Amino acid sequence: MESAENLLQEVLKEFDEVAEYMNLDAGLSSILKEPKRCLTVSCPVKIDDGSIKVFTGFRVQHSLTRGPAKGGIRYHPDVTLDEIKALAMLMTWKCAVVGVPFGGAKGGIVCEPAKMSSGEMEKLTRRYITEIIPIIGPEKDILAPDVNTNPQVMSWIMDTFSMDVGYSVPGVVTGKPICIGGSAGRDVATARGVMFTIFNVAKKLAFDPLSKEFAIQGFGNVGGNLAHLLFQEGCKITAISDIEGGIYNPKGLDPVKVSFALKETGSVIGFKDADRITNEELLTLTCDVLVPAALENQITQDNADGIRAKLIVEAANGPTTSAADKILEEKGVFIVPDILANAGGVSVSYFEWVQGLQFHFWNEREVNLKLRDIMEKAFENVYRIAREKDVSMRKAALILAIERVVEATKVRGIYP
Ligand code: NAD
């Protein structure tokens, strides 16, 4: 895999290309390329054997122009400040593409959750939040789940912030359990948004998703839930993978059974009624729709030529490098970019924030209908720009996002 530093280079390169295409003012361009604020914190934690371990955490706010910053928290050994900067910038574009009134942020802690006890995770989370409290809050920066963080972690975040101010503040974090102010439907919202996107493409390009074969890389919150949702709709999933490797069955995989195997053995490769494949092989399998739903920089110039899917829907953030993107474009692959495809998560996070501020909650049907509307509208807008300007969906999504952030920047003016 290419290094995490490369994601920042990729994101900036993409921005530069689109800024040049849009003839964007150099001053505005330099504002948008830099994060508004980066905070690095060190978090000492007394671990279970009684020793002290110091973890490094980051919180980056890329933009606060269209509203409070918004973005997830990632726990992973490879987290770097540059990776978090890149992901924060992507969040700014994502919020703008779907039109929710947020700027972009991201956070991360360098740690190995698989090797930590629940107690250690809780202490680390609480210490990290305490360190970043000055810059977060419902009106400043709202946190959310990302790789290796879940509703339990969000609960600790909400509790730590609330203890500090002395009253319950559900709006500081989204992706919480419903019993403390979470939203119905948030747990599967990113995956549901990806599914709506697949159906939006199908409508536009006039194909039947039920007659297509799907390969999904990653079986966590996004990939796992997507597999379940697509299966429930009658779609055929032929390949699934996680960090340990992949499984393939041309007759189709039942995600419910794969989930059982994951629970019992710790990996999807514990599922027996399928052939074992590598993650690399999954990407180049014969299939119609490829959904990268794991980490960044998975589709590179080394494997792009071998990709056989005609449609790639980027459920993960930054899964395709720009070199791979060019190869795929030449091959005529239709790519729905991350900032559009996986925006369902932040859209329902916005719904959760709105519900939390009002202490008035909607049912799951209402949430899902609103999500479908927001994803459909964003897809239509991006598709129209792609057609009108004869550019890729990725470029069109970025044009729309940058236009919206620039409009807000101009109307607010440059302080002082
Ligand atoms: P997760 O931790 O729940 O799941 C990640 C999955 O990817 C796991 O199955 C893991 O085993 C697998 N994985 C990890 N490294 C891998 C590798 N090198 N090769 C193959 N598989 C690997 O994380 P998630 O929340 O599902 O996030 C997945 C992606 O979606 C990330 O890029 C994340 O930024 C993005 N995303 C998540 C959300 C959300 O709401 N959770 C929203 C938008 C985007």
First in the stretch 130-152 and open to solvent by 60 Å² or more (accessible area, probe 1.4 Å), second anywhere and within 11 Å of the ligand (Cβ to nearest atom) and in a helix (DSSP H, G or I), Cβ under 7 Å, 6 or more apart: 148/113
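Can you find a residue that is among the polar types (S, T, N, Q), out of contact with any Pro (no Cβ under 8 Å at 6 or more places or on another chain) and assigned to a helix (DSSP H, G or I) anywhere in the stretch 25-46? Don't jump to the end; show me each part of the working.
Narrowing the stretch 25-46 to residues among the polar types (S, T, N, Q): 29-30, 40, 42.
Now restrict to residues that are out of contact with any Pro (no Cβ under 8 Å at 6 or more places or on another chain): 29-30, 40, 42.
Filter once more, keeping what is assigned to a helix (DSSP H, G or I): 29-30.
Yes: the stretch 25-46 contains one or more residues that are among the polar types (S, T, N, Q), out of contact with any Pro (no Cβ under 8 Å at 6 or more places or on another chain) and assigned to a helix (DSSP H, G or I).
Quick one: would you say residue 92 is within 16 Å of the ligand (Cβ to nearest atom), more than 27 Å from residue 244 (Cβ to Cβ), hydroxyl-bearing (Ser, Thr, Tyr) and surrounded by 21 or more Cβ atoms within 10 Å (Cβ to Cβ)? Can you show your working first?
Numbers: within 16 Å of the ligand (Cβ to nearest atom): yes; more than 27 Å from residue 244 (Cβ to Cβ): yes; hydroxyl-bearing (Ser, Thr, Tyr): yes; surrounded by 21 or more Cβ atoms within 10 Å (Cβ to Cβ): yes.
Against the criterion (within 16 Å of the ligand (Cβ to nearest atom), more than 27 Å from residue 244 (Cβ to Cβ), hydroxyl-bearing (Ser, Thr, Tyr) and surrounded by 21 or more Cβ atoms within 10 Å (Cβ to Cβ)), residue 92 qualifies.
Looking at 356, 318, 344 in this structure, which one is more than 16 Å from the ligand (Cβ to nearest atom), crowded, with 24+ Cβ neighbours inside 10 Å and either closer than 23 Å to residue 226 by Cβ or not acidic (Asp, Glu) (or both)?
356
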Test set (1) open to solvent by 20 Å² or more (accessible area, probe 1.4 Å); (2) without any contact (Cβ under 8 Å) to a residue 40 or more places away in the chain - residue 204 fails condition number: (2)
Enumeration of residues in the stretch 360-379 that are open to solvent by 80 Å² or more (accessible area, probe 1.4 Å) and either touching a residue at least 12 places away in the same chain (Cβ under 8 Å) or within 16 Å of the ligand (Cβ to nearest atom) (or both): 361, 363, 364, 370, 372, 377
Count of the stretch 213-234 residues which are farther than 11 Å from residue 255 by Cα, assigned to a loop (DSSP other than H, G, I, E, B) and open to solvent by 20 Å² or more (accessible area, probe 1.4 Å): 2
Residues within the stretch 155-177 that are free of Cβ contacts under 8 Å to residues at least 24 places away in the same chain and in contact with a Ser or Thr (Cβ under 7 Å, 6 or more places away or on another chain), tallied: 2
The stretch 256-285, residues that are buried (at least 21 other Cβ atoms within 10 Å of the Cβ) and away from the ligand (no atom under 12 Å from the Cβ): 271, 274
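Search the stretch 235-255 for residues being outside any strand (DSSP E or B) and open to solvent by less than 30 Å² (accessible area, probe 1.4 Å), and hand back the single one that is nearest to the ligand (Cβ to nearest atom). Let's see the steps before the verdict.
Restricting attention to the stretch 235-255, the residues satisfying the condition of being outside any strand (DSSP E or B) are 235, 243-244, 249-255.
Then drop every residue that is not open to solvent by less than 30 Å² (accessible area, probe 1.4 Å), which leaves 235, 249, 252-253, 255.
On the way: 235: 19, 249: 18, 252: 19, 253: 14, 255: 12 Å.
Filtering first and then ranking leaves 255.
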The stretch 178-213, residues that are within 15 Å of the ligand (Cβ to nearest atom), over 18 Å from residue 376 (Cβ atoms) and touching a Ser or Thr at 6+ places or on another chain (Cβ under 9 Å): 182, 183, 186
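The values are calculated or read from the model by the stated rules, or taken from the named source; none is laboratory data. Quantities reported herein were computed from a predicted structural model and do not represent experimental measurements. Counting neighbours? That spans all protein chains shown, and the Cβs are built from the backbone with ideal geometry, glycine included. These area figures cover heavy atoms from the full protein model, side chains too; ligands, DNA and RNA do not enter into them. Shrake-Rupley method; radii C 1.70, N 1.55, O 1.52, S 1.80 Å.
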